[in-house]
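Student: Encoded as structure tokens, here's the structure I'll be asking about.
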């Protein structure tokens, strides 16, 4: 197939694009083997959310009962959209924008909407990696700087709670505990109980996070940039750049390490966690079923948003990665395996996290509710607190933050790869040339680095939470998911897409997928979207509630990707109203005379009737096979 799109562009432009490869443009790359594709996909979908979001949501929403709504959304929304986007990329051999242009020109705005989401992710997600690098550097110090109260960033209320497990000598008769208190007045001790002192205090981990890392100010100013975090952010971008600067030739090799090594470290943390005293109580809180929570719509909403976040759907990333596959790759088998791996990793990570938190709760004689947290609170306060209680705490801290860095890194550079792929496929005549790839990725890195600097200011955490909440928000993702399934199911035709998939993989996929694209997925996503809009609440970060500017920014972040869809419908209507829904003529149609969509023996979308375009993919098949395979 040709690499350029012809769906809704003038004939002259289309012809010029077709001739571009003859003028020195490079041909489109393909994965060297199937394993590179699988590891790249695994690196994208298996990230920080598996460690810091899923376990907390299980604990918060009824333990093991949370798996019921999670599986409902997974089977009826997550897997259908995940497979749809991957198969679309493989079928069209195009990135996140041009793939939709080829399928249905009037809905290329769906692709642009997903790329806006990717831009959000490229700017703010890497801030987490900067924090992880900062913690990783400090993890080599002994004692860990967030485990003591004698640092310049600590306040008078700092209170360090020592571990029985790591410091048994302090719990023997006659031990002196006076060093725990920064207040030395005897009158204070005579009139204050130990428990009251605990309630009035803050932990060193909390103060390290808020006073040393974030350095939050009272007015939450965005003017003062912290130079040390800026260096960490720059270092994260340098790593990211050199992971993908040569295209999938480097990306496919890097993921062998970044996608697999975190599993080794997670397994080590799991073994250490389940062997600690109190681990059983932690796992009990994690999985203990509370069936009364099933009637709470918030539980179902959390399950839906978690599936969409963790499976990276509606971001154009899956389409971009799938587009580098050979035409005959069995993407159906790959997608099912990746979905099983992703969900299994989330559940397994919960065992590693809550076994350690259960130990922490027992060792400090506090309830698990006091220390359980999701998001940055889990990764940078609760879990580091637990690790600091262990003998050899620096080793475990290095292990944990290196794992966080790798988990986030491959998700980050795959997002950058998706954006670079979309831009290259939009302008192949200019960007698919020698050295153009390196320059494009460098420009993306520099621009995103500069746009990320406000996130590491004194009020950067407020901006981070705003973008995290309203950027790749559940509202945007659910809306895009509805649009994608409606376009494929009702406009392009679910039966025609099934024929395309069967032509690629050699057999039709499970029939339920067709009805998910037509009915279940858009219905469930639509209902969840409406509930999201009705139940929206103002965002409060560290007691600070953004005013009008926060509401305005949040609205802009949500509306910017969504407005792309109607805008490009109007553009298509203006440019070529007669072919707004006509697929590109260079797409292979194995059964062009069959109806595009039938329901209960009724033809809903008629056949297009274009001639069968033969694609010789015998060479692709040989390349896709692993060395030594039959």
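Student: Among the helices (runs of 4 or more DSSP H) lying completely within segment 189-248, list those that include at least 1 residues that are at negative phi and at pLDDT below 80.
Tutor: Numbers: elements: 194-200, 204-207, 227-244.
Filter on segment 189-248 gives 194-200.
Student: On to the next question. Can you find a residue that is part of a helix (DSSP H, G or I), on the phi > 0 side of the Ramachandran plot, touching a strand residue (DSSP E or B) at 6+ places or on another chain (Cβ under 9 Å) and buried (at least 20 other Cβ atoms within 10 Å of the Cβ) anywhere in segment 495-510?
Tutor: The first filter runs over segment 495-510 and keeps only residues part of a helix (DSSP H, G or I), leaving 495-505.
Imposing the further condition that a residue be on the phi > 0 side of the Ramachandran plot reduces the set to none.
No, segment 495-510 has no match at all.
Student: If residue 93 satisfies every condition in (1) out of contact with any helix residue (DSSP H, G or I) (no Cβ under 8 Å at 6 or more places or on another chain); (2) under 17 Å from residue 311 (Cα atoms) but one, which is the exception?
Tutor: Evaluating residue 93 over (1) out of contact with any helix residue (DSSP H, G or I) (no Cβ under 8 Å at 6 or more places or on another chain); (2) under 17 Å from residue 311 (Cα atoms) leaves (2) as the failure.
Student: Moving on. Test of understanding: among 518, 527, 451, which residue is within 21 Å of the chain's Cα centre (by Cα) and not in a loop (DSSP other than H, G, I, E, B)? Reasoning before the result, please.
Tutor: On the way: 518 fails: within 21 Å of the chain's Cα centre (by Cα); 527 fails: within 21 Å of the chain's Cα centre (by Cα).
So the residue among 518, 527, 451 that is within 21 Å of the chain's Cα centre (by Cα) and not in a loop (DSSP other than H, G, I, E, B) is 451.
Student: With 264, 222 as the choices, which residue is touching a helix residue (DSSP H, G or I) at 6+ places or on another chain (Cβ under 7 Å), farther than 17 Å from residue 35 by Cβ and either in contact (Cβ under 8 Å) with a residue 60 or more places away in the chain or surrounded by fewer than 17 Cβ atoms within 10 Å (Cβ to Cβ) (or both)? Full working, then the answer.
Tutor: Numbers: 264 fails: touching a helix residue (DSSP H, G or I) at 6+ places or on another chain (Cβ under 7 Å).
Answer to the selection: 222.
Student: Name every residue in segment 132-147 that is out of contact with any helix residue (DSSP H, G or I) (no Cβ under 6 Å at 6 or more places or on another chain) and in a helix (DSSP H, G or I), in order of residue number. If you could, list the steps in order and put the result at the bottom.
Tutor: Let us first name the residues in segment 132-147 that are out of contact with any helix residue (DSSP H, G or I) (no Cβ under 6 Å at 6 or more places or on another chain), namely 137-138, 140-141, 143.
Listed by number, the residues that qualify are 137, 138.
Student: Which residue out of 583, 595, 561 is more than 30 Å from residue 217 (Cα to Cα), at pLDDT 90 or above and in a helix (DSSP H, G or I)? Reasoning before the result, please.
Tutor: Details: 583 fails: in a helix (DSSP H, G or I); 595 fails: in a helix (DSSP H, G or I).
One residue alone meets the criteria, 561.
Student: Consider segment 573-606. How many of its residues are surrounded by 13 or more Cβ atoms within 10 Å (Cβ to Cβ) and either touching a residue at least 40 places away in the same chain (Cβ under 8 Å) or in contact with a helix residue (DSSP H, G or I) (Cβ under 7 Å, 6 or more places away or on another chain) (or both)?
Tutor: Number of matching residues: 23.
Student: Is it the case that some residue within segment 390-411 is within 22 Å of residue 64 (Cα to Cα), touching a residue at least 40 places away in the same chain (Cβ under 8 Å), outside any helix (DSSP H, G or I) and touching a helix residue (DSSP H, G or I) at 6+ places or on another chain (Cβ under 6 Å)?
Tutor: Quick first cut of segment 390-411, residues within 22 Å of residue 64 (Cα to Cα) only: none.
The answer is no; no qualifying residue exists.
Student: Grab the helices (runs of 4 or more DSSP H) fully contained in segment 268-330, keeping just those with 3 or more residues being touching a residue at least 60 places away in the same chain (Cβ under 8 Å), under 24 Å from residue 118 (Cα atoms) and within 26 Å of the chain's Cα centre (by Cα).
Tutor: 297-310, 317-322
To keep it simple, each residue is scored yes or no on (1) within 30 Å of residue 147 (Cβ to Cβ); (2) crowded, with 24+ Cβ neighbours inside 10 Å; (3) modelled with pLDDT under 95; (4) in contact with a strand residue (DSSP E or B) (Cβ under 8 Å, 6 or more places away or on another chain).
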position: 394; (1), (2), (3), (4): yes, no, yes, no
position: 407; (1), (2), (3), (4): yes, yes, yes, no
position: 413; (1), (2), (3), (4): no, yes, yes, no
position: 423; (1), (2), (3), (4): no, no, no, no
position: 446; (1), (2), (3), (4): no, no, no, no
position: 449; (1), (2), (3), (4): no, no, no, no
position: 462; (1), (2), (3), (4): yes, no, yes, yes
position: 484; (1), (2), (3), (4): no, yes, no, no
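Student: Additional query: May I ask you to say which residue of 44, 29, 36, 85 is more than 16 Å from the chain's Cα centre (by Cα), part of a helix (DSSP H, G or I), closer than 17 Å to residue 414 by Cβ and touching a residue at least 40 places away in the same chain (Cβ under 8 Å)? Even if it seems obvious, please write down each step before you answer.
Tutor: Details: 44 fails: more than 16 Å from the chain's Cα centre (by Cα); 29 fails: part of a helix (DSSP H, G or I); 85 fails: more than 16 Å from the chain's Cα centre (by Cα).
Sole residue among the options that is more than 16 Å from the chain's Cα centre (by Cα), part of a helix (DSSP H, G or I), closer than 17 Å to residue 414 by Cβ and touching a residue at least 40 places away in the same chain (Cβ under 8 Å): 36.
The values are calculated or read from the model by the stated rules, or taken from the named source; none is laboratory data. Since we're looking at a predicted model, the values are computed, not measured. All Cβ positions, even for glycine, are placed from backbone atoms using ideal geometry, and neighbour counts span all protein chains on display.
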